[in-house]
Amino acid sequence: MQNDLMYGIVARQRLNSILKEVFRKSIHICSSFVPLFLRLAYWPVIILLFAALFFYSLSEILRMKGHPIPLISKITEMAARKRDENRFVLGPVTLVIGILIAALLLPLECASVGIFALAFGDGTASLAGKLVGRVAIPGAGGKTVAGSLACFTAVYISTFCVCRNCILSLICAFFAMLIEVLPLADFDNVLIPVSIGFLYCQLSGVL
(Lines give C-alpha, C1' and ligand atoms only; values in the text may rest on other atoms or scores of the structure.)
Protein backbone atom coordinates (compact mmCIF):
# COMPACT_ATOMS: atom_id res chain seq x y z
CA MET A 1 0.00 0.00 0.00
CA GLN A 2 2.79 2.37 0.96
CA ASN A 3 4.75 1.45 -2.16
CA ASP A 4 1.68 2.19 -4.32
CA LEU A 5 1.30 5.56 -2.61
CA MET A 6 4.96 6.44 -3.21
CA TYR A 7 4.71 5.31 -6.84
CA GLY A 8 1.64 7.51 -7.30
CA ILE A 9 3.41 10.54 -5.82
CA VAL A 10 6.49 10.01 -8.03
CA ALA A 11 4.33 9.50 -11.13
CA ARG A 12 2.36 12.67 -10.37
CA GLN A 13 5.57 14.66 -9.87
CA ARG A 14 6.94 13.35 -13.18
CA LEU A 15 3.72 14.27 -14.99
CA ASN A 16 3.76 17.77 -13.49
CA SER A 17 7.40 18.15 -14.53
CA ILE A 18 6.63 17.09 -18.10
CA LEU A 19 3.61 19.40 -18.36
CA LYS A 20 5.67 22.30 -17.04
CA GLU A 21 8.41 21.55 -19.57
CA VAL A 22 5.88 21.35 -22.42
CA PHE A 23 4.52 24.75 -21.38
CA ARG A 24 8.02 26.26 -21.14
CA LYS A 25 9.19 24.93 -24.46
CA SER A 26 5.99 25.92 -26.24
CA ILE A 27 7.08 29.50 -25.47
CA HIS A 28 10.51 28.66 -26.92
CA ILE A 29 8.99 27.22 -30.07
CA CYS A 30 6.69 30.22 -30.50
CA SER A 31 9.82 32.38 -30.86
CA SER A 32 10.23 30.77 -34.29
CA PHE A 33 7.64 33.29 -35.54
CA VAL A 34 9.96 36.21 -34.74
CA PRO A 35 11.92 36.03 -38.06
CA LEU A 36 8.63 36.26 -39.97
CA PHE A 37 7.57 39.30 -37.95
CA LEU A 38 11.01 40.87 -38.46
CA ARG A 39 10.60 40.53 -42.22
CA LEU A 40 7.22 42.24 -42.05
CA ALA A 41 8.10 45.08 -39.66
CA TYR A 42 11.70 45.00 -38.44
CA TRP A 43 11.97 48.00 -36.11
CA PRO A 44 8.48 47.76 -34.58
CA VAL A 45 9.25 44.13 -33.66
CA ILE A 46 12.63 45.10 -32.18
CA ILE A 47 10.93 47.79 -30.08
CA LEU A 48 8.27 45.32 -28.93
CA LEU A 49 10.95 42.84 -27.90
CA PHE A 50 12.72 45.51 -25.84
CA ALA A 51 9.38 46.46 -24.28
CA ALA A 52 8.63 42.80 -23.46
CA LEU A 53 12.06 42.48 -21.86
CA PHE A 54 11.50 45.59 -19.74
CA PHE A 55 7.99 44.74 -18.57
CA TYR A 56 8.83 41.12 -17.83
CA SER A 57 11.88 42.15 -15.77
CA LEU A 58 9.77 44.70 -13.90
CA SER A 59 7.08 42.11 -13.19
CA GLU A 60 9.68 39.68 -11.85
CA ILE A 61 11.19 42.32 -9.57
CA LEU A 62 7.72 43.14 -8.25
CA ARG A 63 6.93 39.42 -7.81
CA MET A 64 10.12 38.93 -5.81
CA LYS A 65 9.08 41.82 -3.59
CA GLY A 66 5.67 40.23 -2.97
CA HIS A 67 3.68 42.28 -5.48
CA PRO A 68 2.89 39.89 -8.35
CA ILE A 69 1.30 41.15 -11.54
CA PRO A 70 -1.62 38.69 -11.93
CA LEU A 71 -1.29 37.34 -15.48
CA ILE A 72 2.46 37.69 -16.08
CA SER A 73 3.49 36.37 -12.67
CA LYS A 74 1.10 33.43 -12.97
CA ILE A 75 2.55 32.45 -16.36
CA THR A 76 6.06 32.78 -14.91
CA GLU A 77 5.21 30.50 -11.99
CA MET A 78 3.67 27.94 -14.34
CA ALA A 79 6.81 27.87 -16.48
CA ALA A 80 9.40 28.04 -13.69
CA ARG A 81 11.65 25.06 -13.05
CA LYS A 82 12.45 23.66 -9.62
CA ARG A 83 15.76 25.54 -9.62
CA ASP A 84 13.90 28.83 -10.24
CA GLU A 85 11.68 28.63 -7.16
CA ASN A 86 11.90 31.80 -5.03
CA ARG A 87 14.29 33.33 -7.55
CA PHE A 88 14.16 35.72 -10.49
CA VAL A 89 13.19 33.48 -13.43
CA LEU A 90 15.92 34.33 -15.93
CA GLY A 91 14.89 32.14 -18.89
CA PRO A 92 12.57 34.61 -20.66
CA VAL A 93 15.16 37.38 -20.24
CA THR A 94 17.98 35.40 -21.87
CA LEU A 95 15.57 34.17 -24.56
CA VAL A 96 14.68 37.71 -25.64
CA ILE A 97 18.27 38.96 -25.29
CA GLY A 98 19.54 36.15 -27.52
CA ILE A 99 16.94 36.93 -30.17
CA LEU A 100 17.65 40.67 -29.98
CA ILE A 101 21.43 40.29 -30.30
CA ALA A 102 21.05 37.96 -33.28
CA ALA A 103 18.50 40.24 -34.96
CA LEU A 104 20.53 43.41 -34.40
CA LEU A 105 24.01 42.11 -35.31
CA LEU A 106 23.36 39.62 -38.09
CA PRO A 107 21.72 39.73 -41.52
CA LEU A 108 18.11 38.61 -41.28
CA GLU A 109 18.68 35.21 -42.94
CA CYS A 110 21.54 34.42 -40.57
CA ALA A 111 19.59 35.66 -37.56
CA SER A 112 16.66 33.51 -38.66
CA VAL A 113 18.82 30.38 -38.68
CA GLY A 114 20.08 31.19 -35.18
CA ILE A 115 16.59 31.91 -33.84
CA PHE A 116 15.24 28.71 -35.39
CA ALA A 117 18.11 26.77 -33.76
CA LEU A 118 17.06 28.20 -30.41
CA ALA A 119 13.33 27.72 -30.95
CA PHE A 120 13.37 24.21 -32.37
CA GLY A 121 16.73 22.79 -31.28
CA ASP A 122 16.72 23.82 -27.63
CA GLY A 123 12.96 23.36 -27.41
CA THR A 124 12.84 19.80 -28.72
CA ALA A 125 16.01 18.77 -26.85
CA SER A 126 14.46 19.48 -23.47
CA LEU A 127 11.16 17.81 -24.35
CA ALA A 128 12.85 14.71 -25.75
CA GLY A 129 15.07 14.51 -22.68
CA LYS A 130 12.06 14.63 -20.38
CA LEU A 131 9.91 12.22 -22.37
CA VAL A 132 12.31 9.57 -23.66
CA GLY A 133 15.71 10.48 -22.25
CA ARG A 134 17.23 7.50 -20.46
CA VAL A 135 20.97 7.82 -21.06
CA ALA A 136 22.50 10.89 -19.41
CA ILE A 137 25.62 12.56 -20.81
CA PRO A 138 28.37 12.73 -18.15
CA GLY A 139 29.16 16.24 -16.96
CA ALA A 140 26.30 17.80 -18.92
CA GLY A 141 24.07 18.70 -15.99
CA GLY A 142 21.43 16.09 -16.68
CA LYS A 143 21.34 16.47 -20.48
CA THR A 144 20.54 13.23 -22.32
CA VAL A 145 21.57 11.52 -25.53
CA ALA A 146 17.96 11.59 -26.73
CA GLY A 147 17.78 15.33 -26.14
CA SER A 148 21.02 15.96 -28.02
CA LEU A 149 19.88 13.88 -30.99
CA ALA A 150 16.55 15.71 -31.03
CA CYS A 151 18.40 19.06 -31.01
CA PHE A 152 20.65 17.96 -33.89
CA THR A 153 17.69 16.77 -35.97
CA ALA A 154 15.57 19.86 -35.34
CA VAL A 155 18.37 22.30 -36.15
CA TYR A 156 19.34 20.35 -39.28
CA ILE A 157 15.76 20.45 -40.59
CA SER A 158 15.16 24.12 -39.73
CA THR A 159 18.49 25.22 -41.25
CA PHE A 160 17.95 23.15 -44.38
CA CYS A 161 14.53 24.76 -44.84
CA VAL A 162 16.33 28.12 -45.03
CA CYS A 163 19.37 27.28 -47.17
CA ARG A 164 18.70 23.91 -48.90
CA ASN A 165 22.35 23.05 -48.24
CA CYS A 166 22.94 19.66 -46.58
CA ILE A 167 26.57 20.27 -45.55
CA LEU A 168 25.89 23.70 -44.08
CA SER A 169 22.84 22.38 -42.25
CA LEU A 170 24.83 19.47 -40.80
CA ILE A 171 27.57 21.78 -39.52
CA CYS A 172 25.09 24.17 -37.89
CA ALA A 173 23.20 21.25 -36.34
CA PHE A 174 26.39 19.70 -34.99
CA PHE A 175 27.57 22.90 -33.30
CA ALA A 176 24.09 23.65 -31.94
CA MET A 177 24.06 20.18 -30.39
CA LEU A 178 27.47 20.80 -28.80
CA ILE A 179 26.32 24.09 -27.30
CA GLU A 180 23.05 22.61 -26.07
CA VAL A 181 24.96 19.85 -24.23
CA LEU A 182 26.96 22.39 -22.22
CA PRO A 183 25.61 22.97 -18.67
CA LEU A 184 24.90 26.66 -19.28
CA ALA A 185 21.54 26.84 -17.46
CA ASP A 186 19.53 29.60 -19.17
CA PHE A 187 22.47 31.22 -20.96
CA ASP A 188 22.29 28.82 -23.90
CA ASN A 189 19.33 31.03 -24.90
CA VAL A 190 21.89 33.72 -25.73
CA LEU A 191 24.73 31.58 -27.04
CA ILE A 192 22.74 29.38 -29.46
CA PRO A 193 21.06 32.03 -31.67
CA VAL A 194 24.10 34.30 -31.79
CA SER A 195 26.77 31.66 -32.37
CA ILE A 196 24.77 29.51 -34.81
CA GLY A 197 23.61 32.60 -36.72
CA PHE A 198 27.20 33.86 -36.90
CA LEU A 199 28.49 30.43 -37.95
CA TYR A 200 25.89 30.24 -40.70
CA CYS A 201 26.79 33.74 -41.84
CA GLN A 202 30.49 32.85 -42.13
CA LEU A 203 29.95 29.54 -43.92
CA SER A 204 27.05 30.39 -46.21
CA GLY A 205 29.34 32.21 -48.65
CA VAL A 206 31.83 29.33 -48.70
CA LEU A 207 29.78 26.12 -48.83
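The values are calculated or read from the model by the stated rules, or taken from the named source; none is laboratory data. These numbers come from a predicted model, not from an experiment. Note that we place each Cβ from the backbone using ideal geometry, even for glycine, and neighbour counts take in every protein chain shown. The area values use the complete protein model at the heavy-atom level, side chains included, leaving out ligands, DNA and RNA. Shrake-Rupley method; radii C 1.70, N 1.55, O 1.52, S 1.80 Å.
Looking only at segment 188-207, count how many residues are in a helix (DSSP H, G or I), in contact (Cβ under 8 Å) with a residue 60 or more places away in the chain and over 12 Å from Leu118 (Cβ atoms). I'd like the intermediate steps shown before the answer.
Residues of segment 188-207 in a helix (DSSP H, G or I): 188-203.
If we keep only those that are in contact (Cβ under 8 Å) with a residue 60 or more places away in the chain as well, we get 188-198, 200-201.
Cutting the leftovers down to over 12 Å from Leu118 (Cβ atoms) gives us 198, 200-201.
Looking only at that region, the number is 3.
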Practice item. Tell me, yes or no, whether segment 113-125 has at least one residue that is open to solvent by 10 Å² or more (accessible area, probe 1.4 Å), within 23 Å of Val145 (Cβ to Cβ) and among the β-branched types (Val, Ile, Thr). Key: yes
By residue number, the members of segment 19-68 that are over 16 Å from Leu95 (Cβ atoms), modelled with pLDDT under 95 and of a type in the set (Val, Ile, Thr) are Val22, Ile61
Taking first residues from segment 164-181 that are free of Cβ contacts under 8 Å to residues at least 40 places away in the same chain and second residues anywhere that are open to solvent by 70 Å² or more (accessible area, probe 1.4 Å), the pairs with Cβ under 9 Å that are 6 or more apart or on different chains are Leu168/Val206; Leu168/Leu207; Ser169/Ile157; Ser169/Cys161; Ile171/Leu207; Ile179/Leu191
Exception for Asp84 within (1) under 16 Å from the mean Cα position of the chain (by Cα); (2) open to solvent by less than 20 Å² (accessible area, probe 1.4 Å); (3) at pLDDT 70 or above falls at (3)
Quick one: is Leu62 surrounded by 12 or more Cβ atoms within 10 Å (Cβ to Cβ), under 22 Å from the mean Cα position of the chain (by Cα) and not polar (S, T, N, Q)? no
By residue number, the members of segment 132-167 that are at pLDDT 90 or above and surrounded by fewer than 14 Cβ atoms within 10 Å (Cβ to Cβ) are Cys161, Arg164, Cys166, Ile167
Counting only residues that are assigned to a helix (DSSP H, G or I), free of Cβ contacts under 8 Å to residues at least 24 places away in the same chain and touching a helix residue (DSSP H, G or I) at 6+ places or on another chain (Cβ under 7 Å), segment 132-156 contains a total of 3
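Can we say Leu170 is open to solvent by 40 Å² or more (accessible area, probe 1.4 Å) and modelled with pLDDT under 95?
Working: open to solvent by 40 Å² or more (accessible area, probe 1.4 Å): yes; modelled with pLDDT under 95: no.
No, not satisfied.
Restricting attention to segment 113-131, and to residues there that are of a type in the set (Val, Ile, Thr) and at pLDDT 95 or above, which single residue is nearest to Phe174 (Cα to Cα)?
As a first pass, look at segment 113-131 and keep what is of a type in the set (Val, Ile, Thr): 113, 115, 124.
Those left that are additionally at pLDDT 95 or above: 113, 115.
Details: Val113: 14, Ile115: 16 Å.
Step by step, filter segment 113-131, then rank; the result is Val113.
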